[in-house]
Structures are given as C-alpha cells and as structure tokens.
Amino acid sequence: MSGLAERVADTLGYGLPWWVWSLPGVAAVVLLLRLFGPKAAAAAAVALALILAHRRGAQAGRDHALKEGERDATKSLAAAEAARAAAARRDGTAGRLRDDDGFRRD
C-alpha cells in the first residue's frame, strides 16, 4: 500500500471509535429488515456484532500496545540517562587523560 492509503486505512480502522462503525451497520440492518425480512436482518445483526467486537478488540489492543511502547521508551531513556550519569561520576574530569606510562610512542 502507498503511504496515503496506509494512513487512511489506519485512520478508518483505529482512529474511528468502534461505535461509529455501528451507525451505518444498524442502518443496514434496518434496511434489510424492511426489504428482506427478519431472517436477513438477524443474520446481518450477528455479522455486525462480530465485526464490532473485532473492531473494539483491535482498537483496545492497539491502544495497549502504544501505551506499552511509550512506557518501554521511557524506561530505556531513564536507563540511558542513569548510565550516562554513572559514567560521568566514574570518569570525573578526565584529569588523567595525559598521564604517561613511560613508554615512548613516536
């Protein structure tokens, strides 16, 4: 998929709340009830319920994954900052940087 199509699919799939997807679905079920009777409407209602349950679960899973990713990134940044601070404390002010070990290197 191209970048734009991917963003549109992501927005429609995860950006719209699951209950927004139910509005045209309920309208379709009512239309089927009027045109084809209760059996067709019941089948469509079952299909709609399955689709909405899947959408709701997918959106909840994505939200959970995003929160977990943010938490992991925060923990990684904190660990990197702690390591940097420990290295600065350990090394101090590079006062021994030009110490001579007695070996001549020309």
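State the dimensionless ratio Rg/Rh of the chain (Rg: radius of gyration of Cα atoms; Rh: Kirkwood radius).
1.51
Among 8, 38, 57, whose Cα projects farthest towards the positive end of the dipole of segment 3-91, with charges put on the beta-carbon of Lys, Arg (+1) and Asp, Glu (-1)?
38
If each DSSP helix of 4+ residues adds -39,500 (n - 2.57) and the sum is divided by the residues in the chain, what number results at 222 nm, nearest 500 deg cm²/dmol?
Dividing the helical sum by the residues of the chain leaves -27500 deg cm²/dmol.
Expressed in nm to one decimal, what extension gain is obtained for the pair residue 86 and residue 7 from 0.36 nm per residue of sequence separation less their Cα-Cα distance?
Value of the extension gain: 24.2 nm.
Every read-out reported here was derived from the displayed coordinates using simple, explicitly stated rules and does not represent laboratory data. Note that the coordinates shown come from a computational prediction; the quantities given were computed from them, not determined experimentally. We place every Cβ from the backbone using ideal geometry, glycine too, and count neighbours over all the protein chains shown.
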